[in-house]
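To keep things clear, I will list the structure first and then write my remarks on it.
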Amino acid sequence: MSDFLTFNTFITPYLLPLFYFLGAVGIPLLAYLMWDRIKSLLQRFSGSGLKTDFRLRILLWIMVIVGFLCMELCWRMLFEAMIAYFDMHSYLEQLAHTTGGV
């Protein structure tokens, strides 16, 4: 318990998978809300004379898919970097204890 209170033991490595999966589910929901907002804006503009033709719809679908993939990729890379940081910390701590350091 004293290691926990003095920040010698991190709880973050145990919580990272939970937050990763919450975000992995939350990102598609966010993407859906963004898509819904874009659709409502297009419907508002189409009432003022801007027609949504087939090419514009294809372009929007491509933008949504690329945006979704970029969001998921960035989310994954963020968590991989954090996991690598905590792994390095634990390896350095083990190395320090085996060599008689700290």
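The values are calculated or read from the model by the stated rules, or taken from the named source; none is laboratory data. Since this is a predicted model, take the numbers as computed values, not measurements. When we count neighbours, we look across all protein chains shown, and the Cβ atoms used for this are built from the backbone with ideal geometry, even at glycine.
Worth pointing out:
- Tally, over the range 39-59, of residues that are at pLDDT below 80 and of a type in the set (A, V, I, L, M): 3
- Of the residues screened, Phe79 is one that is among the aromatic types (Phe, Trp, Tyr), surrounded by 11 or more Cβ atoms within 10 Å (Cβ to Cβ) and at pLDDT 85 or above.
- Pairs, first in a helix (DSSP H, G or I) in the range 25-38, second aliphatic (A, V, I, L, M) and surrounded by 13 or more Cβ atoms within 10 Å (Cβ to Cβ), C-beta under 6 Å, six or more apart: Ile27/Met71; Trp35/Val64
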